[in-house]
Amino acid sequence: MSDRKILVIDDDPDILDAVTIVLNSEKYTVVTAFDGIEGFEKFKNEKPDMVLCDMMMERVDAGAKVAEMIRGEDKDIPIYLLSSIGNITDINVNVDKHGFNGVLQKPVVPADLLAEVKKALGE
């Protein structure tokens, strides 16, 4: 099992399951959260190496707020936005300004997800 831990924050259980399966296939440890509050608590308790976060969640603020809270605790951790609206997100939302390192399109293409994770973790 890899010693790398990835926190995935998304209010869609199907997305959480899909991303978990893909990451587990490469032996990453995956911690999941259904909303920003739970995600931030798990971030503080689990100390992940990377965070994948949905932008639009029903409970408590958007992913941008979660990224801002995480950045307040850790300036260097890779945080990627999980977006269902793709390139439009990058145009309409300044992902850098909100603390994200990049955007991953949902539904997640396994090869793209793994390539981005490995790049972000320097593997």
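The values are calculated or read from the model by the stated rules, or taken from the named source; none is laboratory data. Everything quoted here is computed from the prediction, not taken from an experiment. Virtual Cβ from ideal backbone geometry, glycine too; neighbours counted across all protein chains shown. Surface areas here come from the heavy atoms of the whole protein model, side chains and all, with no ligands, DNA or RNA. Shrake-Rupley method; radii C 1.70, N 1.55, O 1.52, S 1.80 Å.
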Estimated inter-spin distance, SER25 and ARG71, nm [label 7 Å along Cα→Cβ]: 3.2 nm
Rounded to the nearest 10 Å², the accessible area of MET55 at probe 1.4 Å: 30 Å²
